[in-house]
Structure formats: C-alpha cells, structure tokens
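I have placed the structure first, in the form of structure tokens, so that the comments after it can refer back to it.
The values are calculated or read from the model by the stated rules, or taken from the named source; none is laboratory data. Computed from a predicted structure; not experimentally measured. Methodologically, a virtual Cβ is constructed for each residue, glycine included, from the backbone with ideal geometry; neighbour enumeration extends over all protein chains shown. Note: accessible area is taken over every heavy atom of the protein model, side chains too, but ligands, DNA and RNA are not part of it. Shrake-Rupley method; radii C 1.70, N 1.55, O 1.52, S 1.80 Å.
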Amino acid sequence: MGLQTPLFAEHQRLGARIVPFGGWDMPLHYGSQLEEHHAVRRDAGLFDVSHMRVVDLSGPDAQAFLRGLLANDVARLQAQGKALYSCMLNPEGGVIDDLIVYLRDPPEAPTRYRLVVNAGTADKDLAWIRTQAQGQDLTIEPRTDLAMIAVQGPQARTKAATVMPDDLRDAALALAPFFAAEAGDWFVGRTGYTGEDGFELMLPATQVPQVWQALVAAGVQPCGLGARDTLRLEAGMNLYGQDMDEGTGPLESGLTWTVAFDPPERAFIGRPALEALKADPNRRRFVGLLLEGRGVLRGHQKVYCGGQEVGEITSGGFAPTLERSIAFARIAANAGTDCTVDIRGRQEPVQVTKTSFVRHGQALV
C-alpha cells in the first residue's frame, strides 16, 4: 500500500483502477482512458493531483534565495499572482525537479512565494531547499494541510467556477493564463499539464471530497494517470524522471526557454555547467517524433538516422487526438530528419517534428 490522497475513497467509489505512482496509490483510469482523454480535449476533465507538494516560502530573503535556487528568474514575476515554470538544478546542471512558483505579493515587496513540486521528488526537493536556505532569513512551510485538484478542458473554467467561494469566483474567471488568485484558504491558478485551458485548485484537504463530488455532479469527467500522460505528451510537456533527471539538464530536454541567462550577473545553481553546455555545438537535441506507419513508440526505443544510432526515445505512446503514435527523443546534434525507430527489431520511419503536437484541441502537426 502506498500513500493515499484525501480523494482515495472517491476514486474507489467511482470504480477507478488504482496503481502505484511515486509512492502513492493513484487512479490509472475510471473505465476508459480514451474517453477521459477526449473529455479534456472536448469538454472538461478532473484530476486528483493532491500527491503533488505545495511549499510556501516567505521572508525578506525569499526573492534573492529563489533567484539563486532556480534556473528561471523569479524577478521576472512583475505582477501579484504571476506564475513561473522553472527547473531546480544541481551544480552539474542536472534537474533535481521542475516546478511552478507563484508570487503572492505585489512585485515591489516580494516576500511570499508558493511552489508546487512533483510528488516523487517532494522529500528530496525539501531537503535540497532547506540545505541551500541555511543562513537565509526565510520560512519554508510544506502545506500538507492543502490538497490540489486540476480541472482542464475548454469548459473547465466555467464548470470549476460553480464550486468556488463567492469571494474568489470573479477574480478566478478574470485571470489571464499563468496567473493565480486567492481568497482565504483557496488558491486558484490558471495553469495545467494538458495543453488545454483550466484551473488548478489548492484548498484545505478536508474540503476536497465535497468539491470533487460537486464537480463530478456538474458534469466534469474524472481522469486518471493514463489520460494525464497522453494529454501532456500531445501538448509537448515533459515528465520528470523520463524526459529529464539529475543527469540530464534543461538544454538537452527542450527546456532552454526556462533558463534565464540574463542578467548575466545572476548566479544560480548549475549556471556554469549550463553555460559550458550551451557553448558546445555537439549537445544533444530534444525533438518530437511522429510515427509514419503502424506501431507504438515507447520510451528507450533507439532512434537511427542513415543507419546509425543517434539517440533514444524518452517518452512515447499513442496520441488519441491524432490517432497516431508520437514521442519525444534526445538525439545527436548532427542527426538528420530521415530517421527510423527500432520497434521490436523493425526499422519504422518517423517524422522529426517539434515537441508540441496538440494545443487547445487542435493538431499542430
């Protein structure tokens, strides 16, 4: 038995297939992964992400500390509620975790931030943050009293608003993408992991079952890890531990856009290693692959160009929206576009693409 979220009884009641994930017992699907995937692309889907960890940082040194801790620059958060996606690196430039950080104060007095980190790395992340924070004037507070659910899809915001407190609803509906609003113990971010619009709701764990039930009653489809994976793969969103890890950094994982090299004087953990790799013309590329024929692309399958092995798939699977198999791969810098993948001993041709395949329900390839 793994750890259980406050919604575990709801998953059982809805007949979910439960599987271990990052030390937690989580729903894989509620009967049909395919139907759950399409519900998010076409209407609204509901995800239990309470296994992820909310961590609040506050204090006079909070901004300076985070500017040194993260590869992206929290000084870019120039509005209260603004969110930033970043990797947290080790000195070698590998990824300890990828996370979202929200500014909870006006930018002229930035003393309070909220981080959302991955479930399987939460304890490791906290230990790393606390070690780096020694001597800093700040408070690190894991919010184990909060739980988190995500509502995603073209109708997600409208349906999610029906369960929000009156003093938060209008502010939440007025949010621009990658902003958050809060009232009392509720915190709502217009973010997600599916390539669709929607909200991520953080609220007291004791209230989550009732809110979940209300959303299901409002016609929001519960979705499990299976749909979450196919949705994020179609949307070109990385999964920690597959597409990047402590041995592989953002520049070789399609995440160069999350690294703030300017201003040049900002010293962040891993910067020297990233700058050396940035100058290396032989650093590997992170690309999308679209299978031209039949079959399924899977992680660790080898990629070939001109008969030579040039890399391997990091994440792959069937894309329900495209009705084709897609993948992310890390390949050599000089690899061409005429590539194949070894699928059970067969060399199957693939098209090299960008990693974003679907956004807002529309195919991009």
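In region 29-73, what count of residues is obtained for those that are aliphatic (A, V, I, L, M) and either open to solvent by 40 Å² or more (accessible area, probe 1.4 Å) or assigned to a loop (DSSP other than H, G, I, E, B) (or both)?
Total meeting the criteria: 6.
Under the condition of being open to solvent by 70 Å² or more (accessible area, probe 1.4 Å) and in a helix (DSSP H, G or I), which residue from region 112-142 is nearest to Trp24 (Cα to Cα)? Please lay out each step first, then the result.
Kept after step one, since they are open to solvent by 70 Å² or more (accessible area, probe 1.4 Å), are these residues of region 112-142: 112, 123-124, 130-131, 134-137, 139, 141.
With in a helix (DSSP H, G or I) added as a condition, the list becomes 123-124, 130-131.
On the way: Asp123: 13, Lys124: 16, Arg130: 24, Thr131: 26 Å.
The qualifying residue nearest to Trp24 (Cα to Cα) is Asp123.
Considering only region 331-365, how many residues are assigned to a strand (DSSP E or B) and either open to solvent by less than 60 Å² (accessible area, probe 1.4 Å) or touching a Leu at 6+ places or on another chain (Cβ under 9 Å) (or both)?
Residues meeting the conditions: 14.
Confirm whether Leu255 is closer than 21 Å to Asn238 by Cα and open to solvent by 30 Å² or more (accessible area, probe 1.4 Å).
no
Tell me, which residue of region 258-293 that is aromatic (Phe, Trp, Tyr) and under 19 Å from Leu69 (Cβ atoms) is surrounded by the most Cβ atoms within 10 Å (Cβ to Cβ)?
Looking only at region 258-293, we keep the residues that are aromatic (Phe, Trp, Tyr), and these are 261, 268, 286.
Checking the rest, the ones that are also under 19 Å from Leu69 (Cβ atoms) come to 261, 268.
Working: Phe261: 14, Phe268: 21.
Here the residue is Phe268.
Could you tell me which of the residues Val296, Val303 is crowded, with 21+ Cβ neighbours inside 10 Å and of a type in the set (Val, Ile, Thr)?
Answer to the check: Val303.
Name the pairs: first residue in region 28-40 and within 11 Å of Gly224 (Cβ to Cβ) and β-branched (Val, Ile, Thr), second residue open to solvent by 40 Å² or more (accessible area, probe 1.4 Å) and at pLDDT 95 or above, Cβ to Cβ under 9 Å, at least 6 apart or on different chains?
Pairs found: none.
Considering (1) surrounded by fewer than 20 Cβ atoms within 10 Å (Cβ to Cβ); (2) among the small types (Gly, Ala, Ser); (3) in contact with a strand residue (DSSP E or B) (Cβ under 9 Å, 6 or more places away or on another chain), say which one Gly192 fails and leave the rest.
(1)
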